[in-house]
Amino acid sequence: MQLSGHAAIVTGGASGLGAATAEMLAHGGARVAIFDLDADRGKAKAREIGGHFERVNVTDDDDVARAVAVAETAHGVARFLVNCAGVATPGRTVNRESQHHPLEQFRRVVEINLIGTFNVVAKFAARLSIAPLVGEERGVIINTASVAAYDGQIGQAAYASSKAGIVGLTLPVARDLAQHAIRVMTIAPGIFLTPLLATLSEQIQESLGKQVPHPSRLGHPSEFAQLVASIIENPMLNGETIRLDGAIRMAPR
C-alpha cells in the first residue's frame with residue numbers, strides 16, 4: 001500500500017521511535033493520529049505534523065476503543081497501525097540483597113508492552129476488517145519488539161518476556177487476520193537513540209554504539225521509520241519479525 005491518502009495510528013508517538021514514525025507517515029501523505037500518555041509532547045508532535053492526538057492508556061479496554069473511534073471520526077478508517085508504546089523497567093529476578101523481583105513491576109511491564117499491544121491490535125483490526133479493500137489488502141499492522149526478545153540481558157526478565165511475547169503473537173495474528181487482508185509484521189530494534197539513551201553521556205552513547213558490528217553507532221529513529229515505510233509498501237511482508245540491529249547480539253550485561 002502507498003502511504004498517501006490513508007489514515008494511520010501510532011501508539012507511543014509522542015517521542016522516540018513512535019515520533020519518528022509519525023513524522024514519516026505524515027510526510028508521506030498519511031493522516032496520523034498519535035496515541036500516548038504524554039499529552040504535552042503528544043499534542044506538540046501532532047501540531048508539528050498536522051495530525052491528531054489522543055491521550056490513551058493502551059492497557060485500558062474502553063480507552064482504546066474510544067480512541068480508535070475518535071481517530072476514525074477525525075481521519076477516516078485507519079489503514080496503518082504502528083505500535084511503539086512501551087516501558088523498559090529493569091529488575092533482576094533476585095537482586096544483590098536477595099530480594100525477589102516485585103511481581104507487580106513484572107506484571108506492569110508485560111501489561112503495557114504485550115497486552116497493551118494486543119489490545120490496540122484487536123480494536124484496530126476489528127474496525128478495519130469491515131472497511132473496503134484497497135487493491136488486494138485492507139491495511140498493515142506493525143508492532144515493536146526488541147532484540148531483547150532474543151538476547152535479553154541481566155535485569156531484563158520482564159522486558160525481554162514482554163517483547164518475546166510480541167514476537168510470538170506476530171505469526172498467529174497474521175494468520176488470524178489473513179482472511180481480512182490485513183498484514184501483521186514486527187520490528188525488533190537494537191540500540192537506538194531514544195529519549196532514554198539521549199539522557200546518557202556522549203561517552204556512554206559512543207560506547208554503546210561501538211557494540212554494534214556495523215554501522216558501529218546507535219540507530220537513528222528515522223531508520224526505524226524507514227523500515228516501517230518499506231513494510232507498508234511491500235505486500236509480501238507478512239507474519240515475520242525483522243531485527244533492525246546492525247548485527248548486534250547483546251552480551252549478558
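Might you check whether a residue that is over 18 Å from VAL58 (Cα atoms) and not basic (Lys, Arg) occurs anywhere in segment 138-145?
yes
Condition first: of a type in the set (A, V, I, L, M, F, W, C), in contact with a helix residue (DSSP H, G or I) (Cβ under 9 Å, 6 or more places away or on another chain) and modelled with pLDDT of 95 or more. Can you find one or more residues in segment 39-50 that meet it? Even if it seems obvious, please write down each step before you answer.
Pass one, segment 39-50, residues of a type in the set (A, V, I, L, M, F, W, C): 39, 44, 46, 49.
Then keep just the ones that are in contact with a helix residue (DSSP H, G or I) (Cβ under 9 Å, 6 or more places away or on another chain); that gives 46, 49.
Next, only the ones that are modelled with pLDDT of 95 or more stay: 46, 49.
Yes, that holds for at least one residue.
Any idea how many residues of segment 121-140 are in contact (Cβ under 8 Å) with a residue 60 or more places away in the chain and either touching a helix residue (DSSP H, G or I) at 6+ places or on another chain (Cβ under 6 Å) or in a helix (DSSP H, G or I) (or both)?
Of the residues in segment 121-140, 4 are in contact (Cβ under 8 Å) with a residue 60 or more places away in the chain and either touching a helix residue (DSSP H, G or I) at 6+ places or on another chain (Cβ under 6 Å) or in a helix (DSSP H, G or I) (or both).
Could you pull out the residue among ILE154, ILE166 that is surrounded by fewer than 18 Cβ atoms within 10 Å (Cβ to Cβ) and β-branched (Val, Ile, Thr)?
On the way: ILE166 fails: surrounded by fewer than 18 Cβ atoms within 10 Å (Cβ to Cβ).
Only one candidate qualifies: ILE154.
Might you check whether a residue that is of a type outside the set (Gly, Ala, Ser) and part of a helix (DSSP H, G or I) occurs anywhere in segment 73-86?
Keep residues of segment 73-86 that are of a type outside the set (Gly, Ala, Ser), which gives 73, 75, 77, 79-84.
Then keep just the ones that are part of a helix (DSSP H, G or I); that gives 73, 75.
Yes, that holds for at least one residue.
How many residues are surrounded by fewer than 16 Cβ atoms within 10 Å (Cβ to Cβ) and not in a helix (DSSP H, G or I) when one looks only at segment 59-72?
Total meeting the criteria: 1.
Restricting attention to segment 90-107, and to residues there that are of a type in the set (D, E, K, R) and closer than 18 Å to LYS163 by Cα, which single residue is surrounded by the fewest Cβ atoms within 10 Å (Cβ to Cβ)?
Kept after step one, since they are of a type in the set (D, E, K, R), are these residues of segment 90-107: 92, 96-97, 104, 107.
In the following step, the residues that additionally are closer than 18 Å to LYS163 by Cα were identified as 92, 104, 107.
On the way: ARG92: 13, GLU104: 8, ARG107: 12.
Looking at the filtered set, the residue picked out is GLU104.
The values are calculated or read from the model by the stated rules, or taken from the named source; none is laboratory data. Note that the structure is predicted; figures quoted are calculated from it, not measured. Ideal geometry is used to build each Cβ from the backbone, glycine not excepted, and the neighbour counts take in all protein chains shown.
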